[in-house]
Amino acid sequence: MGRLVVVSNRLADPRKPAAGGLAVALGDTLSRTGGLWFGWSGTVAAHGTPGEGELQTRQAGRVTLASVNLCAEDHAAYYHGYANSVLWPVFHYRLDLADFSSGYLDGYRRVNRMFAHKLLPLLREDDVIWVHDYHLIPLAAELRALGCRQRIGFFLHIPVPPPLVLAALPQHEWLMRSFFAYDLVGLQSEADVAHFTRYMTVEAGAQDLGAQRLRAFNATVRVAAFPIGIDVEEFHRLGRAPDAMQTYEEMRAEYSRRQLLLGIDRLDYSKGIPHRVRAFRQLLERYPENAHSATLVMIASPSRDDVNAYADLRQELEGLCGAINGDFGDLDWMPLRYIHRTVARKRVPGLCRASRVGLVTPLRDGMNLVAKEYVVSQNPEDPGVLVLSRFAGAAEQLRDALLVNPYDTQGMAEAIQTALRMPLAERQARHQRLMACISEHDVHWWRRNFLRALEGEEQE
Ligand code: GDG
């Protein structure tokens, strides 16, 4: 394969372990091909002109990191505005939270155009370009307009809503048409592929050519599901390291007489966190035997604090959590521990392993990697139970979790009770099947399959 060029909103140094998912997934291939990673630097320049940014490049081993700063106006319109206040809510089915203010779209187009202008001179003829996520949907169209002929693939990390929800976007025709500038569009799940295909055939008059190909606007694009996985090996290693072990031991000692339930999310309205708290309340009401025992630890890492909908969520959550502890807590037992802070990644496997139940209950989620991390962290001899929303992309793969509808408070409370009471043999059997699926479809499988498809080769 030629040189891999990755484009994403934010870039990270793949050599740093804290760099997280995408860096771990793509680091090897970037290194092997002497690749390039291009994106926003993460810096908002105090003085700057909209649509302009200075390119900075630096080496991270064999990988070149190329980034641009954004001026405050571009950052507000492109990042907070169109990406996170329009596309994020609409693609998560939340039209009620979308802010269709004018100006956002201009900023989004301006930054995508600027990225294309900055990236183009860095490209070589045999490059394979892989663009990530909703911030950059029109990037290929901008690159093509400048004459770029290399193969370009796109992976959407968030879900695709049904056609009529997409059609509520004032500029949906323009946005969706720009997918046809890619050679390959990768989505998280078959449900997303179905929505995407139906939108394109019904709203954009595309022809479904079969074999994952759609044709419209004089172009053919291949569209397929590539469910993202985690680096199972790396997570195992992390789990065996001293920090994770220590966290595990501390949690076991602190909660020796309790059954722990765990939730780890970015504090985001798509994650269904208040719904989870209501189900936990219902559990305590309906099954009083859980008093002084079931304890929910909820870690909600701060996210997009300056978008209004997030401040509202935070307030709602604080009220709900406070009420449970006030109504059910006792001198020696607090039913819920809510932590609005990021915990160190190296502690996550220990937290997961110490918890009898993992609660992953988004209202809608592209995939949800926490679900997979929870399973991989378990002790196979005495594993915990994953309670998973059927609306997470992961539910298409993880059929051996207890699948729940997060809008059904009572149903979710019943599922939690089932998880808490599940016999060892059933926990082991479910865990074994979940592990087999997660190990087979890990993040390396995901990367290989996507890149093979982009190069027109057969998938595994
Ligand atoms: C998007 C899509 C899709 C969370 N809190 C803490 C923490 N985390 C880590 C988790 C996990 C990652 O962050 C979150 O990944 P998710 O997949 O759950 O969710 P999003 O951030 O919304 O990601 C999603 C994903 O892209 C990949 O395609 O699955 O659907 O929305 O790794 O462990 N990590 C640490 N402290 C925390 O407090 N260290």
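The values are calculated or read from the model by the stated rules, or taken from the named source; none is laboratory data. Small disclaimer: the values here were computed from a predicted structure and weren't measured. FYI the Cβ positions are ideal-geometry reconstructions off the backbone, even for glycines, and counts take in every protein chain you see. What goes into the accessible areas is simple: the full protein's heavy atoms, side chains included, and nothing from ligands, DNA or RNA. Shrake-Rupley method; radii C 1.70, N 1.55, O 1.52, S 1.80 Å.
Please report, in debye to the nearest 20, how large the charge dipole of the range 161-302 is about its Cα centre when each Lys and Arg carries +1 at its beta carbon and each Asp and Glu carries -1 there. Show your work: numbers first, answer last.
Details: 16 positive and 17 negative charges, 65 e Å.
The dipole of the range 161-302 has a size of about 320 debye.
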**the range 232-440: antiparallel DSSP beta bridges as a percent of all, rounded to 5** = 5 percent
**Prompt:** Roughly how much of ILE230 is accessible, in Å² to the nearest 10, using a 1.4 Å probe?
**Reply:** 10 Å²
**Message:** Taking the alpha-carbon distance from LYS372 and a cut-off under 14 Å, which aspartates and glutamates remain once sequence neighbours fewer than 8 residues away in the same chain are dropped?
**Reply:** ASP231, GLU233, GLU234, ASP265, GLU396, ASP400, GLU440, ASP442
**Item:** Signed unit charges on C-beta, dipole axis of the chain, positive-most listed residue SER67, LEU398, GLY358
**Value:** SER67
**Item:** Over the range 232-440: Kirkwood hydrodynamic radius from C-alpha pairwise inverse distances, Å
**Value:** 17.0 Å
**Prompt:** Restricting attention to the range 175-282, which chymotrypsin sites (Phe, Trp or Tyr not before Pro) occupy a DSSP loop and are surrounded by at most 16 other Cβ atoms within 10 Å?
**Reply:** PHE217
**Request:** For the chain, give the magnitude of the charge dipole about the Cα centre (Cβ charges: +1 Lys/Arg, -1 Asp/Glu; no others), in debye to the nearest 20.
**Result:** 640 debye
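If you restrict to DSSP beta bridges whose two residues both lie in the range 42-173, what percentage is antiparallel, to the nearest 5? Walk me through the intermediate numbers first.
Values: 6 of 13 bridges.
If I count the DSSP bridges inside the range 42-173, around 45 percent turn out antiparallel.
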**Fill in**
For the pair THR49 and ARG124, the simple spin-label estimate (label points 7 Å beyond Cα toward Cβ) gives in nm 3.3 nm
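In units of 2.2 N^0.38 Å, what is the alpha-carbon radius of gyration of the range 24-143? Write out the running numbers ahead of the final one.
On the way: Rg = 15.3 Å, N = 120, 2.2 N^0.38 = 13.6 Å.
Here the answer is 1.13, to two decimals.
Tell me the carbon and sulfur percent of the accessible area for the range 46-204, rounded to whole percent, probe radius 1.4 Å.
Values: 2990 of 6100 Å².
Of all accessible area on the range 46-204, carbon and sulfur atoms account for 49 percent.
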**Asked** So what is the relative contact order of the range 232-440, in percent, for Cα pairs below 8 Å that sit 6 or more residues apart?
**Response** 25 percent
**Item:** Accessible area per residue, Å², the range 232-440 with all protein chains present, probe 1.4 Å
**Value:** 43 Å²
**Request:** Over the range 27-149, average the accessible area per residue using a 1.4 Å probe and give it in Å², no decimals.
**Result:** 41 Å²
**Request:** Would you work out what percent of the accessible area of the range 232-440, with all protein chains in place, is carbon or sulfur (probe 1.4 Å)?
**Result:** 48 percent
**Rg over Rh, two decimals, the range 215-325 (C-alpha only, Kirkwood Rh)** = 1.12
**Asked** Over the Cα atoms of the chain, how large are the radius of gyration and the largest Cα-Cα distance (Dmax), in Å?
**Response** 22.5, 70
**Fill in**
When the charge dipole of the range 370-422 is computed with +1 at the Cβ of Lys and Arg and -1 at the Cβ of Asp and Glu, the Cα pointing farthest to the positive end, of SER389, SER377, GLN417, is that of SER389
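Normalised by the residues of the chain, what does the relative contact order come to in percent, with Cα pairs under 8 Å and at least six apart?
Details: 890 pairs, mean separation 58.1, N = 460.
Relative contact order comes out at 13 percent.
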**Prompt:** In degrees between 0 and 90, to the nearest 10, how far off the longest principal axis of the chain does helix 190-202 point, with axes built from Cα atoms?
**Reply:** 40 degrees
